[in-house]
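*Asks:* The structure is given below, and queries will be raised subsequently.
The values are calculated or read from the model by the stated rules, or taken from the named source; none is laboratory data. Owing to the predicted nature of the structure, the values given are computational and were not obtained by experimental measurement. Cβ: placed from backbone, ideal geometry, glycine included. Neighbour counts: every protein chain shown. Just the protein is used for accessible areas: all its heavy atoms, side chains included, with ligands, DNA and RNA removed. Shrake-Rupley method; radii C 1.70, N 1.55, O 1.52, S 1.80 Å.
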There are 2 protein chains.
Amino acid sequence: MDAAEFRRRGKEMVDYVADYLENIEKRQVYPDVEPGYLRSLIPEEAPEEAESYEDVVKDIERVIMPGVTHWHSPYFYAYFPTAHSFPAMLADMLCGAIGCIGFSWAASPACTELETVMLDWLGKMLKLPEDFLAGTEGRGGGVIQGTASEATLIALLAARSKIVKLIQADHPDRSETDIISKLVAYSSDQAHSSVERAGLIGGVRMKKMPTDSKFSVRGAALQKVLEEDRAAGLIPFFFCATLGTTPSCAFDCITELGPICNAEKIWMHIDAAYAGSAFICPEFRPLLNGVEFADSFNFNPHKWLLVNFDCSFICHISSHLISLQHWQIPLGRRFRSLKMWFVFRMYGLKGLQAYIRKHVGLAKEFETLVRADQRFEISADVVLGLVCFRFKGSNELNETLLKRINRARKIHLVPCQLAGKFVLRFAVCARTTESRHVQEAWSHISHLASELLQELKNDISMSNRHLLRLSQNQPIVNVIQYANALESQGSQSSIHTLRESTG
Amino acid sequence: MDAAEFRRRGKEMVDYVADYLENIEKRQVYPDVEPGYLRSLIPEEAPEEAESYEDVVKDIERVIMPGVTHWHSPYFYAYFPTAHSFPAMLADMLCGAIGCIGFSWAASPACTELETVMLDWLGKMLKLPEDFLAGTEGRGGGVIQGTASEATLIALLAARSKIVKLIQADHPDRSETDIISKLVAYSSDQAHSSVERAGLIGGVRMKKMPTDSKFSVRGAALQKVLEEDRAAGLIPFFFCATLGTTPSCAFDCITELGPICNAEKIWMHIDAAYAGSAFICPEFRPLLNGVEFADSFNFNPHKWLLVNFDCSFICHISSHLISLQHWQIPLGRRFRSLKMWFVFRMYGLKGLQAYIRKHVGLAKEFETLVRADQRFEISADVVLGLVCFRFKGSNELNETLLKRINRARKIHLVPCQLAGKFVLRFAVCARTTESRHVQEAWSHISHLASELLQELKNDISMSNRHLLRLSQNQPIVNVIQYANALESQGSQSSIHTLRESTG
């Protein structure tokens, strides 16, 4: 393919992309395929001879699209959002064309320099303390990582390196392996799995801290475990605070934790992967209060700031001599700051704030709908764009409801566990989600819930009359409690019947 | 920006990209800017209000392009190539539009499944042993990583995990930290810096093995150090072999090393980041002989197989219970296999082989030009697309020549050190490099070399007559030897003068 053909095919692809996104609502949000579906649709080996572009393009709808989960459909409410915007896509086309590998200044000066300035722009949008910015001095400041997982690992490794040097300064005879074998890191029991993995990779103990009723780590909990661990001869060195946990978007109390970490010379890293983008709004910025105690801070503009994946932001305070810019796993890197530059300019700070506020508003709207239905409960404070909710009933009943929702393929959700309870997560994800989608999603969920309860009731009345007898002796007021009663009596036949029929 | 505007802007961007690539030869390959050039060209903060797309696009030529090192210019011969093709760029546009995050099968089945099949296609192209393929059993097989750095780290961590389990099976009382403190990994003294870093991150000793006159690690060298280390109570567990080293594209002798590693239960990982792509050609496949002894194998299609960055291939043998698919640093991942699918189909195996052969042919052509010039020598076997060469003279003289080459901005090269010698690396990089560019590059280098030698001669004849006197007593036959004689006599004034004038 030469440049002339690329002009033609590229424009066709632009139209395909625009068509795909304009009509994404018409596609089923979650695919019907079974594991292994794709292998039989394409040859077992690469072709010897070149194929035509037409043949390849034809296969997008035949092979790929039937197996795509459409993350940018306004019916997608699973996981957390992943960012998606036209300006970011345009910038990514440019990034691909320049195709430089920015592993050093000389490898492409514009790549290194735009990144430094864009991360300062971002730091200023977040009103980070001055010593988190690069400015013209270049001591603090940020670097783009691929993901929050990498950022957490890098922060932990930097902290590990720092504590080893600190201890060896006083005890030159202590070996690195000996020191590392005594190190202990901490995170919330709500923290993302990548935090635990960072500990595994770094070869250090990682303890999960208990959280309070709001799923937040509090100062007292940390203080307690630090005393125990120091008494046991361990060396606490790293605390990974989460702002906006994956299960419920809970916030560790960094205004309490930060001063403890500072006093105890523990590196405090903040993982705000999802929530971080919201801090550009003054009304959400207080959630970041306490950042001034942190040693490093990370969030993913590729989640909620309209900058397509991958683009994770990590910055660290300038008082450290360690520069995180030398702490990266990959050496090569794309010219990712172009995406930030295009997005920040074409939305402007006000446009970005409006986007965050719209998503939070939609979550609040969904919360109101849930609260208005007596059969349901809200399982965690709705602070940003995530609503955790459930049937007032057993875990199995909620699991069945979720299976039916996802089996219906109209919308897509994933669950979480909160304090032992099976909870449904409704995350506002797509850029194009509007009030009508949220209303439609709720009416769909509500309808499936009614159906489920009706079936359960029929099932109970037909095949579990002995349990109904039991219920007459108890203050059972609704069918959910029937179901719970069934379960607590050890007879789970109704639920099991349902589960088998729904998979 | 809505879809309608994206249609328009996207097509404009396609044209911009095509224009850029069609005319890339006219751009100076290496930029003129000084560090810090960019900050003053753009505002200190993100704009409050949205800007127009026109304003952003205008700044590409004003702000970005003056600071770009043009990796895809046919005058770029630095580092190693980074892949770049129109089919890969088209696929990447689609990847951005789908914008799924493929961290699990359900998160987007097509993303997981196409990746598995594409890596099998690739494994078959390379004629890897059957147990490196996923097939329908799914035990071996590959996964796309971002970079070779990540792949090496992952392999080392998997090996670390395996050895710890193995030892603990026999000695349940030995702690993980105790075992890790005794571990030792090995690589070539020519290995990439990321291998050493993998050891640092994994918290294990990493020893660099000496290489032979061809810059290859040999079996005897490994055998020797293993005996010493076992005698010292250490536990050898990992050997990272390099096929195609960064400095000179040398090949560790894996047919000797592999059997030793297997006998000693050492995980052998092969890093073939650059050279791996060439193994799709039958005539280069013998360089991979010995892979049957390896536990894992990695190379970067994003270097030399026309699949734009990032796309690094790692696979491992199916007899391991550890699945590397669970060993990734980032959780999120783009739909990167689309790029492989487009490229493999639109080039066909024959097209890809022709591309590799063309680059190797161009390197051989350059080698012939160098060998025909008595002033120069070839510093390492030219096996693939890299030529290491130098003046027959001092390191300083070669350093000066390289500075003049890069200062002239017509072509761009980087150096390496080989056995203490300063060597120039000429790597065939761009897809569009043709014979005429190589001829032009050599004639330019040759011209600068003549200029440099003439200046040196003038300098010597004018200001160092006392040394010329010395030369008359010695069998000095050319001006390079004059320069060497100057240096060996401790009078480096000529060279220093040159260095100051050229920076």
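*Asks:* Take the range B:42-54 and flag every residue that is open to solvent by less than 60 Å² (accessible area, probe 1.4 Å) and more than 7 Å from chain A (Cβ to nearest Cβ).
*Replies:* The answer is B:Ser52, and nothing else.
*Asks:* Exactly one condition in (1) buried (at least 23 other Cβ atoms within 10 Å of the Cβ); (2) modelled with pLDDT under 95 is false for B:Met13; which is it?
*Replies:* Of (1) buried (at least 23 other Cβ atoms within 10 Å of the Cβ); (2) modelled with pLDDT under 95, only one is false for B:Met13: (2).
*Asks:* Select, from A:Leu418, A:Leu402, the only residue that is over 28 Å from A:Ser85 (Cβ atoms), surrounded by fewer than 23 Cβ atoms within 10 Å (Cβ to Cβ), free of Cβ contacts under 8 Å to residues at least 24 places away in the same chain and among the aliphatic types (A, V, I, L, M).
*Replies:* A:Leu402
*Asks:* A further question on this structure: Which one of these does B:Tyr37 not meet: (1) open to solvent by 10 Å² or more (accessible area, probe 1.4 Å); (2) free of Cβ contacts under 8 Å to residues at least 12 places away in the same chain?
*Replies:* Of the numbered conditions (1) open to solvent by 10 Å² or more (accessible area, probe 1.4 Å); (2) free of Cβ contacts under 8 Å to residues at least 12 places away in the same chain, the odd one out for B:Tyr37 is (2).
*Asks:* In the set B:Arg218, B:Arg197, which member is within 12 Å of another protein chain (Cβ to nearest Cβ), touching a residue at least 12 places away in the same chain (Cβ under 8 Å) and of a type in the set (D, E, K, R)?
*Replies:* The match here is B:Arg197.
*Asks:* Moving on to the next point. Report yes if B:Ser104 is over 20 Å from B:Phe335 (Cβ atoms) and among the polar types (S, T, N, Q), otherwise no.
*Replies:* The answer is no for B:Ser104.
*Asks:* State yes or no: is A:Arg409 at pLDDT 95 or above and surrounded by fewer than 15 Cβ atoms within 10 Å (Cβ to Cβ)?
*Replies:* So A:Arg409 fits the description; yes.
*Asks:* Given (1) in a helix (DSSP H, G or I); (2) open to solvent by less than 10 Å² (accessible area, probe 1.4 Å); (3) within 9 Å of chain B (Cβ to nearest Cβ), identify the lone condition not met by A:Asp92.
*Replies:* (2)
*Asks:* So, in the range A:179-194, how many residues would count as being open to solvent by less than 10 Å² (accessible area, probe 1.4 Å), within 14 Å of chain B (Cβ to nearest Cβ) and in contact with a Lys or Arg (Cβ under 8 Å, 6 or more places away or on another chain)?
*Replies:* Adding up the residues that qualify gives 3.
*Asks:* Check B:Pro35, B:Pro43 and return the single one that is more than 25 Å from A:Phe6 (Cβ to Cβ) and at pLDDT below 95.
*Replies:* Exactly one of B:Pro35, B:Pro43 is more than 25 Å from A:Phe6 (Cβ to Cβ) and at pLDDT below 95, namely B:Pro35.
*Asks:* If you don't mind, another one. If A:Ile480 meets every condition in (1) part of a helix (DSSP H, G or I); (2) at pLDDT 65 or above apart from one, which number is that one?
*Replies:* Result: A:Ile480 passes all but (2).
*Asks:* When you scan the range A:130-137, do you find a residue that is within 17 Å of A:Val307 (Cβ to Cβ), facing chain B (nearest Cβ under 9 Å) and not basic (Lys, Arg), even just one?
*Replies:* no
*Asks:* Of all strands (runs of 3 or more DSSP E) completely enclosed by the range B:280-396, which ones contain at least 1 residues that are touching an Asp or Glu at 6+ places or on another chain (Cβ under 8 Å) and touching a residue at least 12 places away in the same chain (Cβ under 8 Å)?
*Replies:* In the range B:280-396, B:296-299, B:312-316, B:386-391 are the strands (runs of 3 or more DSSP E) which contain 1 or more residues that are touching an Asp or Glu at 6+ places or on another chain (Cβ under 8 Å) and touching a residue at least 12 places away in the same chain (Cβ under 8 Å).
So that you can scan it fast, the table gives a plain yes or no per residue for (1) open to solvent by 10 Å² or more (accessible area, probe 1.4 Å); (2) at the interface with chain A (Cβ under 7 Å from one of its Cβ atoms); (3) under 23 Å from A:Glu45 (Cβ atoms); (4) out of contact with any Ser or Thr (no Cβ under 6 Å at 6 or more places or on another chain):
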position: B:Pro87; (1), (2), (3), (4): no, yes, yes, yes
position: B:Phe103; (1), (2), (3), (4): yes, no, no, yes
position: B:Ser108; (1), (2), (3), (4): no, yes, no, no
position: B:Leu114; (1), (2), (3), (4): no, yes, yes, no
position: B:Leu119; (1), (2), (3), (4): no, no, yes, yes
position: B:Ile154; (1), (2), (3), (4): no, no, no, yes
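*Asks:* OK, next. Just one of (1) more than 8 Å from chain B (Cβ to nearest Cβ); (2) under 23 Å from the mean Cα position of the chain (by Cα) trips up A:Trp71, so point out which.
*Replies:* Result: A:Trp71 passes all but (1).
*Asks:* Read through the list (1) open to solvent by 20 Å² or more (accessible area, probe 1.4 Å); (2) within 22 Å of B:Cys315 (Cα to Cα); (3) assigned to a helix (DSSP H, G or I), then give the number of the only condition that B:Gly135 fails.
*Replies:* Just one mismatch for B:Gly135, condition (3).
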